[in-house]
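Q: Attaching a single structure in structure tokens format; questions to follow.
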Amino acid sequence: MKGFDLHEPTTVPQAVGLLDQLGPGGKVLAGGSDIVGGILKDWVTGKGMPLPSALVDITAIPDLKGIKPDSAGITVGAATTLSELIESADVQKMVPLLSDACKTIASPLIRNFGTLGGNINQRPRCWFFRGEDFNCYKKGGDFCYSVTGDNTYHAIIGGELCYIVHPSDTSTALLALNASARVVGPSGERMVAFDSYFHGPREDVLTENVLKPNELLTEVLIPTPAAGTKMAWTKLKDRQVYDFAVVSVAVAFSVDGTGKWADGRIVLGGVAPVPYRAAVVETALKGQDVKTAAKAAAAQIRTVARPMSLNAYKVDIAQNLIERTLLQALG
Ligand SMILES: Cc1cc2nc3c(=O)[nH]c(=O)nc-3n(C[C@H](O)[C@H](O)[C@H](O)COP(=O)(O)OP(=O)(O)OC[C@H]3O[C@@H](n4cnc5c(N)ncnc54)[C@H](O)[C@@H]3O)c2cc1C
């Protein structure tokens, strides 16, 4: 593995100052399951993606840890572990969708040190991006090898230029929960709704989100769901042990007194370069009895799908999983 300098700040301003000083060669280190265990150890690098020469460890910053509920919702520090999210009685009570999603991530060992911020900002798992023989767009190259190569797990929606799928299960759940991220940089802080936190390859193929190299995601704010909000999470994996989503679905919605869709979100993971909000399905459910309309509404996902040569099977899975997750949320 390539050597690197390690910095261990104890405050957010120190961490941001270090990132600013180090420039693009400095990266945030949280649990390290991706930046060290994946990127550095596997030498995931290219012309547009130099390996970091320094890491800024944020796990000794007390302000980045913890789960704080209040009347507006729940605030989760970016360095909170996935296990802490699963175990939190407040998360289980207010937003069980998030703890259910966390339970399906990786293994208990990884969840014990993998953090929420790291999960949201992890790099894609595309085997061409991760493979040292492929100088793909995402590493500064000039080709997407999934177009002519094995695209079994690649994007079926919204892929262009590069066909990665977004790997983070928490991001899929957080978008369904209408959450926002607090981002801190040298010139101050800003709130970014998860609706606009991620971007596709056309906006910038080298990155997956709005964070600049000198910015830190410090916490996630999840608004209190309206009373009676129905939620559910499903994730289909290739194996029974830990694995990334082939397709995942997060739903959070409310119904009126007669069971008709009032408002809500349906978000898919594993299908697009960003966590994908299935607006076509939401529109088809508007004013409809969710139980009876779920099947036809779920089929609307076909209208936006553009599968590649080997992954049309994911469109069938997405359709069926949307229907199943909606019915599961109804109980
Ligand atoms: C075997 C295995 C299976 C996995 N399965 C799944 C799965 O099923 N679903 C899933 O969603 N994930 C899965 N993962 C990914 C894993 O959950 C994430 O790697 C983990 O949550 C990342 O957390 P970390 O703290 O270790 O991140 P790190 O590796 O420390 O960081 C990951 C990235 O995020 C950046 N970063 C971290 N924190 C911040 C922050 N606060 N602000 C800005 N940037 C930040 C780092 O610079 C780095 O680029 C798996 C990983 C492995 C190794």
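None of the figures in this text is laboratory data; all of them are computed from the coordinates on show. Owing to the predicted nature of the structure, the values given are computational and were not obtained by experimental measurement. Cβ placement follows ideal geometry from the backbone for every residue including glycine, while neighbour counts extend to all protein chains displayed.
Q: Do you know which of the residues in region 37-59 that are in contact with a strand residue (DSSP E or B) (Cβ under 7 Å, 6 or more places away or on another chain) and among the hydrophobic types (A, V, I, L, M, F, W, C) is nearest to Gly77 (Cα to Cα)?
A: Ile58
Q: Okay, next question. Can you name the residue in region 271-309 that is touching an Asp or Glu at 6+ places or on another chain (Cβ under 8 Å) and under 23 Å from Glu208 (Cβ atoms) and, of all such residues, is surrounded by the most Cβ atoms within 10 Å (Cβ to Cβ)?
A: Pro273
Q: Another one. Need a quick list: helices (runs of 4 or more DSSP H) entirely within region 224-331 having at least 2 residues that are touching a residue at least 60 places away in the same chain (Cβ under 8 Å).
A: 313-330
Q: Test Leu98 against the criterion of being part of a helix (DSSP H, G or I) and out of contact with any helix residue (DSSP H, G or I) (no Cβ under 6 Å at 6 or more places or on another chain), and give yes or no.
A: The answer is no for Leu98.
Q: Since Ile164 meets every condition but one in (1) of a type in the set (Val, Ile, Thr); (2) over 18 Å from Thr207 (Cβ atoms); (3) within 16 Å of the ligand (Cβ to nearest atom), which condition does it not meet?
A: Checking Ile164 against (1) of a type in the set (Val, Ile, Thr); (2) over 18 Å from Thr207 (Cβ atoms); (3) within 16 Å of the ligand (Cβ to nearest atom), the one that fails is (2).
Q: Which members of region 168-186 meet the condition of being surrounded by fewer than 24 Cβ atoms within 10 Å (Cβ to Cβ) and out of contact with any strand residue (DSSP E or B) (no Cβ under 8 Å at 6 or more places or on another chain)?
A: Pro186
Q: Let me ask something additional. If you scan region 1-45, which residues turn out to be at positive phi and outside any loop (DSSP other than H, G, I, E, B)?
A: Gly23
Q: Regarding region 65-77, can at least one residue be identified that is out of contact with any helix residue (DSSP H, G or I) (no Cβ under 8 Å at 6 or more places or on another chain), under 28 Å from Arg202 (Cα atoms), charged (D, E, K, R) and away from the ligand (no atom under 16 Å from the Cβ)?
A: No, that holds for no residue.
Q: Sticking with this one: Name every residue in region 84-104 that is more than 13 Å from the ligand (Cβ to nearest atom) and aliphatic (A, V, I, L, M), in order of residue number.
A: Ala89, Val91, Met94, Val95, Leu97
Q: Can you pull out every residue in region 112-156 that is near the ligand (Cβ under 7 Å from one of its atoms) and either crowded, with 18+ Cβ neighbours inside 10 Å or free of Cβ contacts under 8 Å to residues at least 24 places away in the same chain (or both)?
A: Correct list: Gly114, Thr115, Gly117, Gly118, Asn119, Asn121, Gln122, Arg123.
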